[in-house]
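Q: Next up is a structure, given as structure tokens.
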Amino acid sequence: MQIINVKHPLIEEQLPTEATVLIMGFFDGVHLGHQKVIKTGVKIAKEHNLKSALLTFDRSPRTVYQHETNFRYLSTRGRKAELVESLGVDYLYFVKFTPDFAHLKPQEFVDYYMIDFKAKYVVAGFDYTYGKKDIANMANLPNYSKGNFETVMVPEQLIDGQKIGSSAIKKFITDDKIEEANKFLGYKYQNQGKVIHGLQRGRTLGYPTANIAVEGEQVIPSIGVYATRIKVAGVWYNSMTSVGYNVTFKENTGITIETNIFDFNQEIYGQAVVIEWIKYLRGEVKFDSAQGLIEQLELDKANSLKIL
């Protein structure tokens, strides 16, 4: 898969040179609903011997149109690219969401980012918009196509009667429901980050931890202890991870992410890692003594190993 970073207005060299099936959406998290859209586009491309091109943005449109601050993402750009590539897409376009781009009129957007992309089919979810939703919606897209492409609208996807959506998944993650989030994602949720120096309290307890600084503006799971896996230097290890405030020792460190890696004894400060969240075990508890905490950690490890 080729990744192409572009900024409006595009230059000729950045546009596809052959006919495409264009897959449209922001695809934060590339959850099961998104996967249905992407797989539909890839399938059509293969059936018609066309290239599949997915067009997305470098940030959420909500940070521009709704001026949302502290917006949190389910996937970094790198993670999104990884997930999209696994679904067989040929070209991935990241469009920089500048004010000029945001102010494109619906017909201009279709002209520049669908027709000029040599689209023969445009595939998107039922709620995809390219301007104000009352006029720039999927139902109206054929009116803007000028007969250049066919519109393929993928209907709403549900699990247990609930829409598969990024907002619902974020709420699961921050409400102790990581397993529900994973069910809607279609894979285990991950955070990408780097190992940083901490207070090294875990070493004194017999449970040394890697302190993780999460990259960018990712959604972090709710406070508690989790059965996890962690990828270090390309290798996955079983682990347990605490998201919390170190309440037992009253350390004013803010929220920390600390991972105890099982059967592991390497120096990894400064290394990039990936945490995969498997199951929520318990909330954060304040213990009266270090011994009480150690006994709980022993139980947490045993429970994590059963799950993993």
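The values are calculated or read from the model by the stated rules, or taken from the named source; none is laboratory data. Fair warning: this is a prediction, and the values are worked out from it, not measured in the lab. Cβ placement follows ideal geometry from the backbone for every residue including glycine, while neighbour counts extend to all protein chains displayed.
Q: Filter region 47-80 down to the residues that are in a helix (DSSP H, G or I) and under 10 Å from the mean Cα position of the chain (by Cα), then identify the one that is surrounded by the most Cβ atoms within 10 Å (Cβ to Cβ).
A: Only one residue tops the list, namely Lys80.
Residues checked against (1) over 21 Å from the mean Cα position of the chain (by Cα); (2) assigned to a loop (DSSP other than H, G, I, E, B):
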| residue | (1), (2) |
| --- | --- |
| Ile257 | no, no |
| Gly270 | yes, yes |
| Val273 | no, no |
| Gly292 | yes, no |
| Glu295 | yes, no |
| Asp300 | yes, no |
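Q: In this structure, does Thr174 turn out to be surrounded by 18 or more Cβ atoms within 10 Å (Cβ to Cβ), outside the structural domain of Gly283 (by TED's automatic domain parsing) and under 23 Å from Phe27 (Cβ atoms)?
A: no
Q: Here is a follow-up. For region 191-211, state whether one or more residues are buried (at least 21 other Cβ atoms within 10 Å of the Cβ), under 20 Å from Phe71 (Cα atoms), in contact with a strand residue (DSSP E or B) (Cβ under 7 Å, 6 or more places away or on another chain) and not small (Gly, Ala, Ser).
A: Scanning region 191-211, I find at least one residue that is buried (at least 21 other Cβ atoms within 10 Å of the Cβ), under 20 Å from Phe71 (Cα atoms), in contact with a strand residue (DSSP E or B) (Cβ under 7 Å, 6 or more places away or on another chain) and not small (Gly, Ala, Ser), so the answer is yes.
Q: Name the residues in region 1-43 that are closer than 27 Å to Arg62 by Cβ and acidic (Asp, Glu), would you?
A: Listed by number, the list holds a single entry, Asp28.
Q: Against the definition (part of a helix (DSSP H, G or I) and either more than 30 Å from Tyr189 (Cα to Cα) or at pLDDT below 95 (or both)), how does Asn143 come out, yes or no?
A: Yes.
Q: Moving on to the next point. Take the conditions outside the structural domain of Val214 (by TED's automatic domain parsing), within 17 Å of Val21 (Cα to Cα) and either modelled with pLDDT of 95 or more or not polar (S, T, N, Q) (or both) and apply them to Leu87. Does it pass?
A: Yes.
Q: Still on this structure: Answer yes or no as to whether Glu18 is among the acidic types (Asp, Glu), assigned to a helix (DSSP H, G or I), in the same structural domain as Tyr121 (by TED's automatic domain parsing) and over 19 Å from the mean Cα position of the chain (by Cα).
A: The answer is no for Glu18.
Q: Can you name every residue in region 16-35 that is surrounded by 15 or more Cβ atoms within 10 Å (Cβ to Cβ) and under 12 Å from Lys51 (Cβ atoms)?
A: Pro16, Ala19, Thr20, Val21, Leu22, Ile23
Q: Now, a different point. Among the residues that make up region 136-155, is at least one of them touching a residue at least 24 places away in the same chain (Cβ under 8 Å) and farther than 28 Å from Ala19 by Cα?
A: No, because not a single residue in region 136-155 is touching a residue at least 24 places away in the same chain (Cβ under 8 Å) and farther than 28 Å from Ala19 by Cα.
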